[in-house]
1. Using only the Cα atoms of region 52-116, build the gyration tensor, take square roots of its eigenvalues as a ≥ b ≥ c, and label the shape rounded, prolate or oblate: rounded if a/c is under 1.5, else prolate if a/b is larger than b/c, else oblate.
2. Roughly how far apart, in whole Å, are the Cα centres of region 31-87 and region 186-202?
3. Round to the nearest 0.05 the FRET efficiency obtained for ALA69 and ALA19 when R0 = 45 Å and r is the Cβ-Cβ distance.
4. Can you bin region 91-207 into rounded, prolate or oblate? Criterion: square roots of the alpha carbon gyration tensor eigenvalues sorted a ≥ b ≥ c, rounded for a/c under 1.5, prolate for a/b above b/c, oblate for the rest.
Amino acid sequence: MAEPARRIDLLDTGPRFTADDAAALNARFAGVSTSEMLGVVLHEGLAGRIAAVSSFGAESAVLLHLLAAIDPAVPVLFLDTGKHFPETLAYRDELVARLGLTGLINLTPDAQVLAKRDENGLRWSYDPDGCCEIRKVVPLAGALTQFDATITGRKGFQSATRAGLPRFEIDTSDAAGRLKVNPLADWSSDQISAYFAATGLPAHPLVAEGYPSIGCMPCTSKVALGEDARAGRWRGWDKTECGIHVDGAASELPPGFDPAF
């Protein structure tokens, strides 16, 4: 039997969590409802300093609604890349107001880095990985130095690369041993739809136009019937993730890096 998950000591040095910690949490919360699991994790401090990472995309309202019901002040990190659809920014503001979220943190790319590495704003067209690194990976990695764990909205059904996603895992993007919590890992598309219907949550306006997965405007296209839900992301490129959920992403930050919130 797995050992009970430990409550993290915020004065610990070295890795915050281990694979054994993640396994213990998965065992402890096996069969436990999503809302109950989130409530215990947040109220008992099992994950230490924790923040949700939200794209305010097609299905984001479900996780945000669950969190708001438990703690509307939980930090919510949003990567304001400068390339979002206007509809996404409006949807963000609508959900924040409607759900009473008070911990929204907008993360923006460094202006000097943009001027040096993406002066004309077109890096997405020839180097999407580099564009994501500048506008998403590095800003998020800097912000996460302040946290021990993140809550994501990833779901196993979204793509083949996310199949079998556990509720708890270790973020392998650096050596910090940060915990990733995926509350909706085992939810189905039908469950997501049913939750929207039951709660009356507003849908992202682009969903009805054929965008089941929504990222930055230049790199998101409509999805045809029968295609993978994320088929419209970086269409034509051998790329399925922005980098913030990829092993080794932004493993090093400049010395003395101090993210400005």
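Where a number appears in this text, it was derived from the coordinates with a stated rule and is not lab data. Quantities reported herein were computed from a predicted structural model and do not represent experimental measurements. Positions of Cβ are generated from backbone atoms using ideal geometry, with glycine treated the same way; all protein chains shown enter the neighbour counts.
1. prolate
2. Distance between centres, Cα-based: 16 Å.
3. My answer for the efficiency is 0.90.
4. prolate
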